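First comes the structure, then the notes that go with it.
The values are calculated or read from the model by the stated rules, or taken from the named source; none is laboratory data. Quick caveat, the model's predicted, so the values are computed rather than measured. Positions of Cβ are backbone-derived with ideal geometry, glycine not excepted, and every protein chain shown enters the neighbour counts. Surface areas here come from the heavy atoms of the whole protein model, side chains and all, with no ligands, DNA or RNA. Shrake-Rupley method; radii C 1.70, N 1.55, O 1.52, S 1.80 Å.
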Amino acid sequence: MNYKISGKENVLFNNNAFYCIGTGRMGLALQKQYFEQLKFVQEKIGFEHIRGHGLFHDDMAIFHEYENSDGEKLVEYNWTYLDMVMDSYLELNIRPFIELGFMPNQLASGKQTIFYWKGNTTPPKNYITWANLIKATLIHLMERYGVDEVVNWPVEVWNEPNLPGFWKDADMNEYFKLYDVSARAVKEVDDRFKVGGPAVCGGTDQKWIRAFLEFVREHKCPLDFVSRHHYTTEFPKPDGHYGYPKLHPKEKCFEQLDSTRGIVDSFEEFKDMDINVTEFNTSYIPNAPVHDTNLNAAYIALMLSTFGDNHKSYSYWTFGDIFEEGGVPFTPFHGGFGLVANGLIPKPTFWTFAFYKKLTVDYVKCVLKTPNLVVVKTSKGYKGVAWNVDTEFSGKKIDIELEFTDLPDNEEEENYPFSGDFIEEKKEILPNVLITMLVDEEVCNPLKVWHDIGEPANPSKEEIVLLRQSAEPFVQTQRCGSKIHLELKENAVCYFELKSAPIKSDRGYSFGRME
């Protein structure tokens, strides 16, 4: 693959991967390891918002119904754990993308639950009480953190109501009622809040989105954005504690998602409305070994290159592996959703996001985007991310040749202060530096290292140190002219940076001179 870049190109590239990141249920944020993983992610990458389930789950202890001495039923709220969670988020410079759910057991109309932690997924038995819970929560947050701060926290109504496990009987009309009541409650607190839904996922998503927008139009419900989820695997094959799903072909990674923009734009009232993909990953189960692999990293790199073309945001599910949908995991590499494995070990996909974040620094514009590459012009030179998705593990390499015609190819020797006779050995003076950071099956594959050391379920401190060391990208630098070459092995992701780097040697110093 050979490409010439003049620097005059201007290619569509909306790098919105950092607006939001997913998390396990909110109650997990009280754990030490959860906080450490999120802190690590924020320091190395940095996301603006965080979205998870369980705001109103009983382990957050917000909603309480009791009887007074006269037998009258009353409601009270407990903000203790909510404040602890929100304080920790703001300490790490991340704000909630509020998901309204699940149902407190005392307010629930039924006993249906989902997950190991038994989140109640039935409608409220009293919609007025539900609306009051929403309003009280938002008002408390505004009183504690400031009105102008909190009104900028997006609000989403429920999670995947088109799936019967997440919403009793996947009752569309009942969800629409929930949305209507919830959205109006949010706006009653402050009209500046952005509220949206229906947060659907797969299967009946097209039917639901169209019907949802028709309902909103007919009933004039508040709606600021459309939300949905996206995963790119077939139904998994279960085996023991794990599931093994097949990835969609890389050319069709957005096939299921592509219709959403057209449906939204077919309504005059909603044309060009923001679409927030509030969950995405390859597999939708938290025990899919693919999540821990270099293949996942390369596949996600491909997705991030064009995800922003039609979507305001797209939130990777999730930042870390402190996560209990299916129960507490048995091993650090159990196919969890997270960018970080337990033990504070970054997975290959972690670096995909870190590399894309680097593209935002000194960004000017995108100059090239292909199925294997994104290149951006910066105020200091060029940066890019390249990848090689190899779902068949064929071992086929990709060679990429890039020529930047607006950069110098060489410099005159007299511009460089070499001293003594050593200058005679200089054959060519190259004006630029190429910095590469490589993640592939050989140089950054903590999963393989874990396998090679015996797949310990509970690694020792020494083994965790080894796994962390094996999880770092391979960094190289080289002097170069205006042409660079990248070689990508199967499922590699490579970050590169090309910029002018004139050598300014100290008096008497000659690099490589030994005598």
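In debye, nearest 20, what is the charge dipole magnitude of segment 234-303 about its Cα centre with +1 on Lys and Arg Cβ and -1 on Asp and Glu Cβ, if you could check?
Using Cβ point charges on Lys, Arg, Asp and Glu, segment 234-303 gives about 380 debye.
From the C-alpha gyration tensor of the chain, pull out the three semi-axes of the equivalent ellipsoid (sqrt of 5λ each), sorted largest to smallest, in whole Å.
Three semi-axes, in Å: 47, 25, 22.
Rounded to the nearest 500, what is the chain's calculated 222 nm mean residue ellipticity when only DSSP H runs of at least 4 contribute -39500 (n - 2.57) each, over all residues?
When only DSSP H runs of four or more count, the value is -7500 deg cm²/dmol.
Which order do the peptides 473-484, 391-402 come out in when sorted by mean C-beta neighbours inside 10 angstrom, highest first?
The peptides rank, most packed first, as 473-484, 391-402.
Show log10 I(q)/I(0) for segment 463-505 at q = 0.14, 0.20 Å⁻¹, two decimals, from a solvent-free Debye sum over equal Cα scatterers.
For segment 463-505, the Cα-only Debye profile gives -0.54, -0.84.
Leaving ligands, DNA and RNA out of it, rank T122, T306 by accessible area with a 1.4 Å probe, largest first.
Ranked list, largest accessible area first: T306, T122.
Based on the Kirkwood radius over alpha-carbon pairs, what value in µm²/s does the Stokes-Einstein equation return for the translational diffusion coefficient of segment 294-396 at 20 °C and 1.002 mPa s?
After rounding, the answer is 141 µm²/s.
Using the heavy atoms of the protein chains alone and a 1.4 angstrom probe, what is the accessible area of segment 36-161 per residue in square angstrom?
About 41 Å² of surface per residue is accessible.
Apply the Karplus curve 6.51 cos²θ - 1.76 cosθ + 1.60, θ = phi - 60°, to the phi angles in segment 435-440 and return the couplings in whole Hz, x for Gly and Pro.
With the stated coefficients, segment 435-440 comes to 10, 10, 10, 10, 10, 8 Hz.
Residue by residue through segment 301-309, what is 3J(HN,Hα) from phi via Karplus (6.51 cos²θ - 1.76 cosθ + 1.60, θ = phi - 60°)? Round to whole Hz and write x for glycine and proline.
So the J values, rounded to whole Hz, are 4, 4, 5, 5, 5, 10, 4, x, 4.
Kindly report the accessible area of segment 200-331 per residue (heavy atoms of protein chains, probe 1.4 Å, no ligands, DNA or RNA), in Å². Can you show the working numbers first?
On the way: 5230 Å² over 132 residues.
For segment 200-331, the solvent-accessible area averages 40 Å² per residue.
Net charge near D274, counting Lys/Arg +1 and Asp/Glu -1 over other residues with Cβ under 13 Å of its Cβ?
+1
Using per-residue counts of other Cβ atoms within 10 Å, averaged over each peptide, order 436-446, 456-466, 124-134 from highest down.
436-446, 124-134, 456-466
I need the phi-derived Karplus couplings for segment 267-283: 6.51 cos²θ - 1.76 cosθ + 1.60, θ = phi - 60°, integer Hz, Gly and Pro marked x.
9, 4, 5, 10, 4, 6, 5, 4, 10, 9, 8, 7, 8, 7, 5, 6, 8
Counting only other residues whose beta carbon sits under 15 Å from that of V290, what net charge do I get with K and R as +1, D and E as -1? Mind dumping the intermediate values first?
Numbers: positive: K237, K246, K250, K347, K448; negative: E234, D239, D292, D321, D390, E392, E441, E490.
Local net charge: -3.
Could you work out how far helix 461-470 tilts from the main Cα principal axis of the chain, as a 0 to 90 degree angle to the nearest 10?
60
Pairing the Cα long axis of helix 205-219 with the longest principal axis of the chain, what angle in degrees results, from 0 to 90 and rounded to the nearest 10?
Helix 205-219 sits at roughly 60 degrees to that axis.
Enter the angle in degrees (range 0 to 90, nearest 10) between the Cα long axis of helix 32-44 and the first principal axis of the Cα atoms of the chain, meaning the one along which they spread out most.
That helix lies at roughly 40 degrees to the long axis.
Roughly how many debye, to the nearest 20, is the charge dipole of the chain about its Cα centre, given +1 on each Lys and Arg Cβ, -1 on each Asp and Glu Cβ, and no other charges?
Using only the charged Cβ atoms, the result is roughly 440 debye.
Roughly to the nearest percent, how much of the accessible area of the chain is carbon and sulfur, given a 1.4 Å probe?
For the chain, the apolar C and S fraction of the accessible surface comes to 49 percent.
Would you please state the base-10 log of I(q)/I(0) at q = 0.27 1/Å for segment 2-69, with intensities from the Debye formula using one equal scatterer on every alpha carbon?
-1.21
Quick check on packing: order 69-77, 13-21, 229-237, 316-324 by the mean number of other C-beta atoms within 10 Å, highest mean leading.
For the peptides 69-77, 13-21, 229-237, 316-324, the packing ranking is 316-324, 13-21, 229-237, 69-77.
Find out how many positive minus negative residues lie around Y145, taking Lys and Arg as positive, Asp and Glu as negative, among other residues whose Cβ is under 11 Å from that of Y145.
Summing Lys/Arg as +1 and Asp/Glu as -1 gives -3.
Nothing charged except the Cβ atoms of Lys and Arg (+1) and of Asp and Glu (-1): what's the magnitude of the dipole of segment 208-324 about its Cα centre? Round to the nearest 20 debye. Could the numbers behind the result be given before it?
Details: 11 positive and 18 negative charges, 34 e Å.
Around 160 debye, computed over segment 208-324.
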